[in-house]
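Colleague: First the structure, then my questions, so here it is.
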Amino acid sequence: MSESAIAHKPNQLTFAEASTIPQAGAIALRGTERAVAGSRVLINGAGGGSGSFAIQLARRLGAHVTGVDNAAKQDFMRSVGAHDVVDYRRDDFTRTTQPYDLILDLVARRSVLANRRALAPGGAYRCVGGSVPALLRVLIVGWTVGRVTGRSMGLLDVNEGPAHFEPLAELCVTGDVRVHIDRTFALDEVPAALAHVGEGRALGKVVVVPSEREPGAAASEPA
């Protein structure tokens, strides 16, 4: 990794807490840039790592925030600041009667036309995660559909490096934004960690930590 892509860990955060910020934080910061006081913001996949940061950031900017995820995450989304919550397995957020000024889609699966339907005139839709076919449709079709209908639709461009995640780290240090770690797994438990995330059960971030050698223990000799 390039030295320019990393930053010193804030002393006030644990290693696990700090590790949640660079990628998820950059996505959340970039994804909520268009949120303003009084705007209606929807975050699809809001119960995960980037989503829980994005809810808090949009709420701080004065937006009315709706979080979309499975039913088991509704209380969690409310706890981090969502005004409204939607269970995607029961309700289709694209069929709303009150369209959104900004949609941040972290698990893009719906069609471009469905997402456009949920946008207010002049609104913006940005996706950063989801199935490859869905992302390709947004990339190829979304720009044209958005332009024709007076909306902005596209992929979320996220750059690496401290300038793009340190503002969130500072908010976490002051306590204005909270880091939510659902579980930590040891390095040899990575399959279980991926399964936990893949099953949609994680509330916030899942962190993999290296196994620590016992104090005073000698390093193993190479075979």
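The values are calculated or read from the model by the stated rules, or taken from the named source; none is laboratory data. Because the structure is predicted, anything quoted here is derived from the model rather than measured. Using ideal geometry, Cβ is built from the backbone for each residue, glycine included, and neighbour counts are taken over all protein chains shown. These area figures cover heavy atoms from the full protein model, side chains too; ligands, DNA and RNA do not enter into them. Shrake-Rupley method; radii C 1.70, N 1.55, O 1.52, S 1.80 Å.
Colleague: Among the residues of the range 163-182, is there at least one that is in contact with a Gly (Cβ under 7 Å, 6 or more places away or on another chain) and over 25 Å from residue 11 (Cα atoms)?
Modeller: No, the conditions are met nowhere in the range 163-182.
Colleague: For the range 144-161, how many residues are open to solvent by 50 Å² or more (accessible area, probe 1.4 Å), of a type outside the set (Asp, Glu) and either within 17 Å of residue 31 (Cα to Cα) or in a loop (DSSP other than H, G, I, E, B) (or both)?
Modeller: Counting residues in the range 144-161 that are open to solvent by 50 Å² or more (accessible area, probe 1.4 Å), of a type outside the set (Asp, Glu) and either within 17 Å of residue 31 (Cα to Cα) or in a loop (DSSP other than H, G, I, E, B) (or both) gives 3.
Quick grid of which residues meet (1) among the aliphatic types (A, V, I, L, M); (2) open to solvent by less than 10 Å² (accessible area, probe 1.4 Å); (3) more than 15 Å from the chain's Cα centre (by Cα):
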position	(1), (2), (3)
13	yes, no, yes
17	no, no, yes
26	yes, yes, no
42	yes, yes, no
60	no, no, yes
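Colleague: Within the bounds of the range 114-126, is there any residue that is in contact with a Pro (Cβ under 7 Å, 6 or more places away or on another chain), open to solvent by less than 10 Å² (accessible area, probe 1.4 Å), of a type in the set (A, V, I, L, M, F, W, C) and over 25 Å from residue 199 (Cβ atoms)?
Modeller: yes
Colleague: Which one of the conditions (1) part of a loop (DSSP other than H, G, I, E, B); (2) open to solvent by 60 Å² or more (accessible area, probe 1.4 Å); (3) under 25 Å from residue 184 (Cβ atoms) does residue 81 fail to meet, given that it meets all the rest?
Modeller: Single failed check for residue 81: (2).
Colleague: A follow-up question, please. Which ones in the range 84-113 are open to solvent by less than 70 Å² (accessible area, probe 1.4 Å), more than 20 Å from residue 39 (Cα to Cα) and touching a strand residue (DSSP E or B) at 6+ places or on another chain (Cβ under 9 Å)? Step through it out loud before you land on a result.
Modeller: Let us first name the residues in the range 84-113 that are open to solvent by less than 70 Å² (accessible area, probe 1.4 Å), namely 84-87, 91-94, 96, 99-108, 110-112.
This time we only want the ones that are more than 20 Å from residue 39 (Cα to Cα), so: 87, 91-92, 107-108, 110-112.
Scanning the range 84-113 gives 87, 91, 92, 107, 108, 110, 112.
Colleague: Same structure, new question: How many residues does the range 162-177 hold that are surrounded by fewer than 18 Cβ atoms within 10 Å (Cβ to Cβ) and outside any loop (DSSP other than H, G, I, E, B)?
Modeller: Taking the range 162-177 and keeping what is surrounded by fewer than 18 Cβ atoms within 10 Å (Cβ to Cβ), we get 162-163, 167, 170, 173-176.
Right, trim to outside any loop (DSSP other than H, G, I, E, B) and you get 162-163, 167, 170, 173-174.
Total meeting the criteria: 6.
Colleague: Let me spell it out: the conditions are (1) touching a residue at least 12 places away in the same chain (Cβ under 8 Å); (2) more than 22 Å from residue 207 (Cα to Cα); (3) more than 12 Å from the chain's Cα centre (by Cα), and residue 74 meets all of them except one. Which number is the exception?
Modeller: Residue 74 satisfies all of (1) touching a residue at least 12 places away in the same chain (Cβ under 8 Å); (2) more than 22 Å from residue 207 (Cα to Cα); (3) more than 12 Å from the chain's Cα centre (by Cα) except (2).
Colleague: Given the conditions (1) crowded, with 21+ Cβ neighbours inside 10 Å; (2) at pLDDT 95 or above, which single one is not true for residue 37?
Modeller: (1)
Colleague: While we're looking at this one, here's another question. If a residue has to be surrounded by 15 or more Cβ atoms within 10 Å (Cβ to Cβ), in contact with a Ser or Thr (Cβ under 9 Å, 6 or more places away or on another chain) and not in a helix (DSSP H, G or I) to count, how many in the range 178-206 make the cut? Working first, answer last.
Modeller: The initial filter retains those residues of the range 178-206 that are surrounded by 15 or more Cβ atoms within 10 Å (Cβ to Cβ), namely 178-183, 185, 189, 193, 196-197, 200-206.
Subsequent filtering for residues that are in contact with a Ser or Thr (Cβ under 9 Å, 6 or more places away or on another chain) retains 178-181, 193, 203-206.
Subset that is not in a helix (DSSP H, G or I): 178-181, 203-206.
Number of matching residues: 8.
Colleague: Output the qualifying pairs, or none if there are none: Cβ atoms under 9 angstrom, residues six or more apart or on different chains, first residue in the range 99-115 and modelled with pLDDT under 90, second residue outside any loop (DSSP other than H, G, I, E, B) and aromatic (Phe, Trp, Tyr).
Modeller: From the range 99-115, the pairs are 110/93.
Colleague: Further question on the same structure: Output the residue which, of all residues in the range 62-71 that are open to solvent by less than 20 Å² (accessible area, probe 1.4 Å) and small (Gly, Ala, Ser), is farthest from residue 201 (Cα to Cα).
Modeller: 63
Colleague: Taking the condition in contact with a Phe, Trp or Tyr (Cβ under 9 Å, 6 or more places away or on another chain) and either over 27 Å from residue 80 (Cβ atoms) or at pLDDT below 95 (or both), does residue 147 pass? Reasoning before the result, please.
Modeller: On the way: in contact with a Phe, Trp or Tyr (Cβ under 9 Å, 6 or more places away or on another chain): no; either over 27 Å from residue 80 (Cβ atoms) or at pLDDT below 95 (or both): yes.
Judged against the criteria, residue 147 is not a match.
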